[in-house]
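Every number here is computed from the coordinates shown, using simple stated rules; none is lab data. Because the structure is predicted, anything quoted here is derived from the model rather than measured. Cβ placement follows ideal geometry from the backbone for every residue including glycine, while neighbour counts extend to all protein chains displayed.
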Amino acid sequence: MILSVACYDCHSNNTRYPWYANIQPGSWWMASHIKEGKNGLNFDEFASYSNRRQQSKLKSIVNSINNGTMPLSSYTLIHKEAILSKEDKMSIKNWANTIKDSLELRN
Ligand code: HEC
């Protein structure tokens, strides 16, 4: 799934620390982004969010894809594999919207 390639480094507990994480300012950059990114959205903790919080996070995922704010451009500069194609964007949005719809039904 494209999410694990493009988003998990900053939004899950499974960060694949890249080579530059060991050198300054790479390590500082990576640490601050992971901390901030995980605070806002952590896919490993997603299941424990309330129904309402899950829905709002899914909505902001769709927005971040539509606005092109995620993944951060400073990240895709180095991680070319995280650049989203049109199809990737569609599949992330479809995925988020499908789950959001099913959560709404459970409200
Ligand atoms: C290099 C690290 C990095 C990557 C990769 C990344 N993000 Fe983020 N993300 C952040 C940071 C830092 C924030 C919080 C600050 C901000 O909003 O700019 C954030 C915030 C967010 C938010 C807002 C969360 C909230 O507070 O409600 C969403 C949604 C999001 N990211 C989705 C994604 C998605 C989807 C991907 C993959 C397509 C992705 N991000 C990839 C670092 C990252």
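Quick notes on this structure:
- Ratio Rg/Rh [Cα only; Rh per Kirkwood] for the chain: 0.99
- For Asn66 and Gln24, a Förster radius of 41 Å and the Cβ-Cβ distance give a FRET efficiency of 0.75, rounded to the nearest 0.05.
- Pairs from the table (Lys35/Lys86; Lys38/Lys80; Lys57/Lys93; Lys59/Lys89; Lys35/Lys100; Lys38/Lys86) lying more than 23 angstrom apart at Cα are Lys35/Lys86; Lys35/Lys100; Lys38/Lys86.
- Binned Cα-Cα distance frequencies in segment 59-107 - 10 Å width, integer %: 25, 46, 22, 7, 0
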